[in-house]
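J.: After the structure tokens below, expect a handful of questions from me.
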Amino acid sequence: MATLILGNTDSEYFRASFGDRPFLDSEHAFDRNQVAVQLDLLIWPFRASFETTWMVDSLSSFRSELERAYKTLEGEARFLPDYDGSLDVTLSGDGIGHFAIKRVVCSNPATGPWFKFQLPTIDQTFLPEMISSISDLQEEYPIL
């Protein structure tokens with residue numbers, strides 16, 4: 001199963017495990033380009049897990065923003081993988097190689113609950129693995 005990890009698995013992190021395309025037989029591209037995702041969060045002292053669906057085309061813009069942030073060590077990379085609002089992640093660079101990760105996650109955006117948190121700051125050495133993971137996901141889940 002393909003995964004995307006944001007944060008540091010030695011402390012606090014967010015993991016998205018990608019599964020099947022639930023609407024692959026749909027006649028609409030919008031539906032065909034959704035993928036089932038299992039979200040797992042470990043934010044001390046909290047642990048959460050839930051399922052959602054994301055749009056595969058959201059990976060491209062996030063990867064581009066991460067690549068730009070890695071080159072400049074500043075700016076923001078924002079990830080909004082669905083229209084429902086199950087996740088809103090922002091990585092913010094400070095210009096010297098540190099990145100803050102702020103998130104809002106919600107298992108049911110129609111009713112809540114919403115969980116807002118900030119992971120411990122990571123450095124730029126974490127970004128190449130994130131970018132590589134997104135590239136792998138784009139190969140495994142191309143836009144149809």
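J.: Considering each of Ser49, Ser86, Ser107 in turn, give the residue that is within 13 Å of the chain's Cα centre (by Cα) and not charged (D, E, K, R).
T.: On the way: Ser49 fails: within 13 Å of the chain's Cα centre (by Cα); Ser107 fails: within 13 Å of the chain's Cα centre (by Cα).
Just one listed residue meets the conditions, Ser86.
J.: Could you list all residues from the range 61-82 that are exposed (fewer than 13 other Cβ atoms within 10 Å of the Cβ) and not hydroxyl-bearing (Ser, Thr, Tyr)?
T.: Within the range 61-82, just Lys71 meets the criteria.
J.: Looking at the range 4-48 only, could you name the residues that are surrounded by 15 or more Cβ atoms within 10 Å (Cβ to Cβ) and touching a Pro at 6+ places or on another chain (Cβ under 7 Å)?
T.: Asn8, Glu12, Gln34, Ala36
J.: Counting only residues that are touching a Pro at 6+ places or on another chain (Cβ under 7 Å), over 19 Å from Pro120 (Cβ atoms) and not charged (D, E, K, R), how many does the range 66-94 have?
T.: Number of matching residues: 2.
J.: Here's a follow-up. Being loosely packed, with under 13 Cβ neighbours inside 10 Å, on the phi > 0 side of the Ramachandran plot and not aliphatic (A, V, I, L, M) narrows it down to one of Gly112, Gly85, Gly97, so name that one.
T.: Testing whether each residue is loosely packed, with under 13 Cβ neighbours inside 10 Å, on the phi > 0 side of the Ramachandran plot and not aliphatic (A, V, I, L, M) leaves just Gly112.
Since every read-out is calculated from the coordinates, none of them should be taken as a lab result. What you see is a predicted model; the values in this text were computed from it and never measured. Neighbour counts run over all protein chains shown; Cβ positions are idealised from the backbone, glycine included.
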